[in-house]
Amino acid sequence: MDKIQNQEEILVDKNSRGKDRNWRGRKILSLKLADIFKELQYKDSLIERVATCGDTLRFIRREDGSLKLYQAYFCKNKLCPMCNWRRSMKYSYQTSRIVDEAIKQEPKARFLILTLTVKNVEGEALNSTISQLTKSFDRLFRRAKVKKNLLGYLRSVEVTHNENDNTYHPHIHVLMMVKSSYFKGGNYISQIEWSGIWSQSLKVSYTPMVDIRTVKETGKGLRGAVLETAKYPTKPIKLDVENMQVVDDLYNGLYRKRQLGYGGLFKTIKKQLQLDDVENGDLIHTSDDKENISKGTEIVAIWNVTKQNYYLKK
Ligand SMILES: [Zn+2]
């Protein structure tokens, strides 16, 4: 008997610039992560959640042919590549809304990028070091001289892994919005001064590495330059079995930790705009467009384990 080729259709989802959204690639990475969790003998329920992340995707096909996701299950694991892709889209959208509004309210304000570090640590010390880092950050930002010209901030905790000596480098990136008076007279805080007050806030005896720079207006304007520097904190982890220890350390290190924090005007605007939580909130709607999707047709894509791809349900 002739085998009749089943005309199954593979999911194709492209963004507005025609770039493939690569659902398949992200799903494969999430499955790899689930495998590593399994090897690490994590709880079955946790493995199951990551393994089924984005299994079924329900879209509405708009009249122009583009797809809009309207229903899916996302595991929300801190290390999940699928979820972190959704989070980074949502974060970019929200940050641009907040920055736009902040510039509108304070057009003369300036932006700074501050990077605060601590000495590298071993995997076991990661969790407590991140707590120390965020507590010290709060102490630093309560200082009179820091507060004096500060309008708002956005801070994000990032962890990188040093393969050479197998240590971790937790650090904080801060996008600061300051009054222009920050650059005048005794208000200015030099790199050396930042280093000193960060060391005091950390309560350590060494001088930690600190980087401070002004965001310069580029061809894309101030807004573009600000958004370029305020990236969502997910360094892609190499998800191979060799790095099983890294997955274990990062999972435990980031466990129940908030990576993002907002202050001052940024916090107020975030509330005013009723922006949802990036880390633990809804990962289906990455922007808050109130698009009417009732006219489009429904497209359901289901992950096929054997074929390792998304197929459309007929
Ligand atoms: Zn996920």
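The values are calculated or read from the model by the stated rules, or taken from the named source; none is laboratory data. Every value quoted in this text rests on a predicted model; they were computed, and no experiment measured them. Cβ atoms come from the backbone with ideal geometry, glycine included; neighbour counts cover every protein chain shown.
A quick yes/no check of all residues on (1) among the hydroxyl-bearing types (Ser, Thr, Tyr); (2) out of contact with any strand residue (DSSP E or B) (no Cβ under 7 Å at 6 or more places or on another chain); (3) in a loop (DSSP other than H, G, I, E, B):
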{"position": "ASN252", "(1), (2), (3)": "no, yes, no"}
{"position": "ASP276", "(1), (2), (3)": "no, yes, yes"}
{"position": "ASN280", "(1), (2), (3)": "no, yes, yes"}
{"position": "HIS285", "(1), (2), (3)": "no, yes, yes"}
{"position": "GLU298", "(1), (2), (3)": "no, no, no"}
Legend entry - Qualifying residue in region 55-73 (condition: within 30 Å of LYS267 (Cα to Cα) and within 13 Å of the ligand (Cβ to nearest atom)): yes
Inset, instruction - Exactly one condition in (1) part of a helix (DSSP H, G or I); (2) away from the ligand (no atom under 13 Å from the Cβ); (3) closer than 20 Å to LEU254 by Cα is not met by GLN41; state its number. - result: (1)
Inset, instruction - Identify, by number, the condition in (1) within 13 Å of the ligand (Cβ to nearest atom); (2) surrounded by fewer than 19 Cβ atoms within 10 Å (Cβ to Cβ); (3) under 16 Å from ASN280 (Cα atoms) that MET89 doesn't meet. - result: (1)
Inset, instruction - Filter region 292-313 for residues that are at pLDDT below 90 and either touching a helix residue (DSSP H, G or I) at 6+ places or on another chain (Cβ under 9 Å) or among the charged types (D, E, K, R) (or both) and give the result. - result: LYS295
Legend entry - Test for TYR255: is it within 30 Å of ASN166 (Cβ to Cβ) and exposed (fewer than 12 other Cβ atoms within 10 Å of the Cβ): yes
Inset, instruction - Answer yes if at least one residue in region 118-141 is over 20 Å from VAL157 (Cα atoms), modelled with pLDDT of 95 or more and of a type in the set (Gly, Ala, Ser), and no otherwise. - result: no
Inset, instruction - Just give me the residues in region 89-117 being more than 21 Å from the chain's Cα centre (by Cα) and not in a helix (DSSP H, G or I), in sequence order. - result: GLU106, PRO107, LYS108, ALA109, ARG110
Inset, instruction - For ILE47, work out the one condition from (1) at pLDDT below 95; (2) more than 19 Å from TRP23 (Cβ to Cβ); (3) surrounded by 18 or more Cβ atoms within 10 Å (Cβ to Cβ) it doesn't fulfil. - result: (1)
Inset, instruction - Would you confirm whether any residue within region 157-166 is under 21 Å from the mean Cα position of the chain (by Cα) and aliphatic (A, V, I, L, M)? - result: yes
